Amino acid sequence: MNNFKITRLGIFIFLISFSASAQNKFVDSIFKNNKLNAGIEAGYYYYGPLGGSVILLPSILSVRRPLQTNIRTTWGLNPNTSNDNLLSDNPLKHAAGYVTLHLCDYVSKNVDILASITGELRGSSYGVFNTGNTIVYPQLRLRYHDTFDVFKRKLAFTFSGGNYNNIRIDEGLTYYNIDAQAFHIYASYGGFTYEQMHIADLLYSIGLNIDDAVTHSFYYTSRKGRKGEIWRFGIGYDVNDIIYTYNPITGSYYQQYNSNQYFRNFYNAYIALIPDSSSRIYFQVSNLAGGQIDEANSNAFLLGAKKEIHQKNFRIFCRGEIRYYGNYFKEDLNEDVVYYRNTTQGAVASTPASYGNSIGPNLYPLRNYERPFSQFAAFTEEQFNPYSIAGAALYLDCDFRIYKQIFFKVNLDINYMTWFSPYASLSQIPNSASFTYPFYKTGFLFQPAKNANLFIGITNKGMNLDNTYQTFYLLKDPYFYFEVTKTVQGFLER
């Protein structure tokens, strides 16, 4: 009996060993050419008032969530007794942070997977492990890419799908400074390139009232000229499925009988001069399909330039842009079904309406607080619906070395916007209503290692969780500002 038990035990151990060995060989065969890279990104932020907490808004936008009285009351967005709008509660007022694990799995020469998982603690004041202000979310992108020899030239092809952060399509007239979930097709041959990006739902991510957006871009990239310059010439066609339409009589939006029957599509043309790898001058014009090409209210355009300089003792990034969107071009491209807070009450009962209420059906990720203000949704606010609108933006981010690893940092994000009747003459436009958002962040930066930063200074940019897109409040008085960040460059970006 004992020998039988020993025999059974021996057979059992042999089977486990054989199984483990076979499994390891099987796994090794699958991942034989596999390569895995990893990186950690993190950020920790805090700001507090040095004066008051009044925010400045153009009069046309001074009523927040204008068609949603119940939300204004629930979130405490109505003016105070002095008729001032105040900065609402948000994670940065309570010291908030996040950490992201980035993974890049090179499955083979032609297949790779980008993935990340992020955890956010959205406010120390809400209590340790407060579930209402703690969240974990994943991101991923799968990609196949290859090159083929066709008539003695290379045909490059890429297909990918998943998350794309901070996208910029064409030269950035309509889709820029936003995140997206999409499919992307890229094919290039002999300087000619075709790209398609199918963005899955901009209605419930940033309130652009676009269910799916499909962009088609075809462009030619020249060879380097005598001075190293490159030219890019392109045309494109965007297909946008619209769900809601504005009713000027009732002052509200109503849903289409069949949203798949209602499209607002755009023809695009663009040109860019790339003098070198750190510079770009670009222009894009777009026309609403069905609108008159010779009528300004059916068109939009963008003129911009950027320059980046990296030296031992200083770094400068600068982008300047002029934009215009005709009222007919952008009509119906805003909807208020996006909420970055719970829509019923604050996360903590018996406290102010927006207190501890930083996660809703949608999420405003902490890292997006560091983005520029400008995005298409800022020009499609529902109060701007009857008007054509133009804007000019200057974004400047620079560091100057003071001593060893200590820098003086200046970040400026100045945005001028003006809105006017679509029938206004050019001479009338300078006298139209306008507003300037002069955002700044300035102070001292300590950089103990590459991509690791500790900043202490002041800012007038407040996190805005109250709108239908991820944007900022302009503070009347400066706030003390502190941040610690460790970045991973370019991950999941396009």
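Residue by residue, here is whether (1) at pLDDT 95 or above; (2) on the phi < 0 side of the Ramachandran plot; (3) assigned to a strand (DSSP E or B) holds:
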residue: MET197; (1), (2), (3): yes, yes, yes
residue: ARG232; (1), (2), (3): yes, yes, yes
residue: TYR246; (1), (2), (3): no, yes, yes
residue: THR250; (1), (2), (3): no, yes, no
residue: TYR254; (1), (2), (3): no, yes, yes
residue: ASN260; (1), (2), (3): no, yes, no
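Beta carbons closer than 8 Å, at least 6 apart along the sequence or on distinct chains, pair a first residue in segment 392-409 that is under 25 Å from PHE283 (Cα atoms) with a second that is assigned to a loop (DSSP other than H, G, I, E, B) and not basic (Lys, Arg) for ALA393/PRO372; ALA393/PHE373; ALA393/SER374; TYR395/PRO372; TYR395/SER374. Exactly one residue among PHE420, PHE379, PHE384 is without any contact (Cβ under 8 Å) to a residue 40 or more places away in the chain and aromatic (Phe, Trp, Tyr), and that residue is PHE420. Restricting segment 438-467 to residues that are modelled with pLDDT under 95 and not in a strand (DSSP E or B) leaves a set whose member that is nearest to VAL337 (Cα to Cα) is ASN451. Going by the conditions given, is LEU203 open to solvent by less than 70 Å² (accessible area, probe 1.4 Å), out of contact with any Ser or Thr (no Cβ under 9 Å at 6 or more places or on another chain) and within 30 Å of TYR45 (Cα to Cα)? The answer is yes for LEU203.
The residues of segment 446-494 that are open to solvent by 30 Å² or more (accessible area, probe 1.4 Å), aliphatic (A, V, I, L, M) and touching a residue at least 60 places away in the same chain (Cβ under 8 Å), listed by number, are ILE458, VAL484, VAL488. Looking only at residues of segment 432-474 that are over 24 Å from the mean Cα position of the chain (by Cα) and of a type in the set (S, T, N, Q), we find that the one that is farthest from PRO91 (Cα to Cα) is SER432.
This table checks each residue for (1) at pLDDT below 95; (2) over 30 Å from GLY97 (Cα atoms); (3) within 16 Å of the chain's Cα centre (by Cα).
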position	(1), (2), (3)
VAL136	no, no, no
ASP149	yes, yes, no
LYS154	yes, yes, no
ARG168	no, no, yes
SER188	no, yes, no
THR193	no, yes, no
ALA200	yes, no, yes
LYS224	yes, yes, no
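Suppose we keep only residues that are open to solvent by 40 Å² or more (accessible area, probe 1.4 Å) and in contact with a Leu (Cβ under 7 Å, 6 or more places away or on another chain) within segment 411-445. Which one would you say is nearest to ALA377 (Cα to Cα)? Top of the filtered list is ILE414.
The values are calculated or read from the model by the stated rules, or taken from the named source; none is laboratory data. What you are looking at is a predicted structure, and each value in this text was computed from that prediction instead of being measured. Don't worry about glycine lacking a Cβ; one is built from the backbone with ideal geometry, like all the others, and counts go over all protein chains shown. The area values use the complete protein model at the heavy-atom level, side chains included, leaving out ligands, DNA and RNA. Shrake-Rupley method; radii C 1.70, N 1.55, O 1.52, S 1.80 Å.
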